[in-house]
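To keep things clear, I will list the structure first and then write my remarks on it.
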Amino acid sequence: MSKPQSSHQEPSKKKIQAIRGMNDLLPGQSALWQYFEGQVRALMQRYGYDEIRTPIVEQTALFARSIGEVTDIVEKEMYTFEDRNGDSLTLRPEGTASCVRAAMEHGLLHNQTQRLWYQGPMFRHERPQKGRYRQFHQVGVEAFGLDGPDIDAEVILLSARLWQQLGLFEHVTLELNSLGSAEARAAYRDLLVAYFERHHALLDEDSRRRLTSNPLRILDSKNPDMAEMLAGAPQLMDHLDDASREHFEQLTALLDAAGIDYVINPRLVRGLDYYGRTVFEWTTTALGSQGTVCAGGRYDGLVEQLGGKPTPAVGFAMGIERLILLLETLELVPDGARGELDLYLLPMDDAATRQALLLGERLRSELPGLRAQLHCGGGSFKSRIKKADRSGARLALLLGEDELANGRATLKFLREEREQLSLPQAELNATLAALLADEHA
């Protein structure tokens, strides 16, 4: 007797998708990222900053001790897990702590100064929104061993030059403040808490929680119902120690001399515990609520806090996704930053494929900037022409029976109403070089 078949069917396999807030970077976007990263890399070389690359996973204690255990990042946003050894590890939520750890571990801070930069992914479990993701990418700059306002000015001027290179300078505003010394900040904190307690009924839930843990962050609240009350709060700038006030005055004098406009924002406090003295942000009004595109400041106590010798330090971080979005929003993406092809190598039949492949290799060797793609996969002549057009290339280089017999090639303009050119293959280099020079002029 045959066994009855089960009516139970295997459930369909669930489609696997990217984790929410962690996005793929598709080919249409990657060329723009490469353009931005190339601008950054060249700028860092011009200022004498050396690249450092750190792991994306660190011991959880590194971030709890540096960022602050009562900050939103540590309390709510970190991706933390135990590995197989039972160690608590965290995907890095920011780059400064990792940079400091690496510099200390490898002796880079021993009786020497360092100017370092990095770029890469960071991770925070936030509510994803445009320009703000759970995996996001940052460029960061950190300078160690220098305690004067001159290095503060340099890192600000470095960022300003990047805005100039990208065409963003007229669309961003520099905001400055000083958080003073730890002692001045502690005394100010007492004044601030007393003020907020007198206006306790006006505080929202987040601010009431921060009142005992991190009251300076209340100043950074965007709640419009608290705006009038916050405007009347005592200002840290009025309670600075003399050394911090002098440092800030010298910094602003240097920025004035360099022609950099700024706004002093007494409510600018930054969200990380390790900042002191200079803090700054570059902001824009072009991205709605996601207005900060670069932020940083001085963190002279962090190295010592993590077990090293007292070491002055200053730096900043900027979000790549937000800056790419800003370039696109303002239509400041330059020609060529999308990675378009210059040339599509088009054998008109299979017999010409070998020659087209070899000719392409020769042209790439002799014209290093040439972006050329070879047609592969055969097909009718009509389908080959369609693929050439869809490639986005400016030119197609046609090789057929006549061209092979006479050592010639045909250049067809795919984006312009121009007569195609038939020329000896020996003249291709000079002709292509001239055409590309005209395009990029």
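Couple of notes before you dig in:
- Lys pairs, the chain - Cα-Cα below 30 angstrom, 8 or more residues apart or on other chains: 11
- Expressed per residue, the C-alpha convex hull volume of the stretch 243-288 stands at 100 Å³.
- Computed with a 1.4 Å probe on the full set of protein chains, the accessible area for SER289 sits at about 100 Å².
- Counting only Cβ charges, +1 for Lys and Arg and -1 for Asp and Glu, the dipole size of the stretch 28-185 around its Cα centre is about 520 debye.
- Cβ-based charge dipole, the chain, positive-most Cα from ALA430, LEU404, GLY120: LEU404
- Interchain or long-range residues, amide H under 5 Å from HIS137's placed H: MET122, ILE320, GLU321
- By the Kirkwood approach, averaging reciprocal distances over each pair of separate Cα atoms, the stretch 300-399 gets a hydrodynamic radius of 17.6 Å.
- Amide hydrogen neighbours beyond the local backbone of GLY308, cut-off 5 Å, H modeled: none
- Close amide H pairs (under 5 Å, H built 1.01 Å from N) link GLY400 with MET348, residues at least 5 positions away or on another chain.
- For the stretch 136-218, size of Cβ-based charge dipole, Lys and Arg +1, Asp and Glu -1, in debye: 360
- Longest exposed-site-free window of the chain, the sites being trypsin sites (Lys or Arg not before Pro) in a DSSP loop that have at most 14 other C-beta atoms within 10 Å: 223-337
- Given charges at beta-carbon only (K, R positive; D, E negative), |dipole| of the chain in Debye: 1780
- Simple rule: put +1 on each Lys or Arg Cβ and -1 on each Asp or Glu Cβ in the stretch 42-156, find the dipole, and look at VAL141, GLN45, GLN129; the Cα lying farthest toward the positive end is GLN129.
- Working note: Cα gyration tensor of the stretch 22-157, eigenvalues times five, square-rooted, sorted largest first, giving semi-axes of 25, 23, 14 Å.
- Summarising the overall dimensions of the stretch 203-328 from its C-alpha atoms, the Rg and Dmax are 16.3, 44 angstrom.
- The residues packed around PRO310, meaning those with a beta-carbon under 11 Å from its beta-carbon, carry a net charge of -2 if Lys and Arg are +1 and Asp and Glu are -1.
- Largest to smallest principal axis extent of the C-alpha atoms in the chain, angstrom: 90, 90, 47
- Dimensionless Rg ratio for the stretch 357-441, taking C-alpha atoms and the 2.2 N^0.38 Å reference: 1.06
- Debye log10 I(q)/I(0) for the stretch 336-385, one point scatterer per Cα, at q = 0.20, 0.21, 0.22 Å⁻¹: -0.70, -0.75, -0.80
The values are calculated or read from the model by the stated rules, or taken from the named source; none is laboratory data. Here the structure is a predicted model, which is why all the values come from computation and not from measurement. Glycine gets a Cβ as well: all are built from the backbone with ideal geometry, and neighbour counts include every protein chain shown. Ligands, DNA and RNA are excluded from the accessible area calculation, which covers all protein heavy atoms including side chains. Shrake-Rupley method; radii C 1.70, N 1.55, O 1.52, S 1.80 Å.
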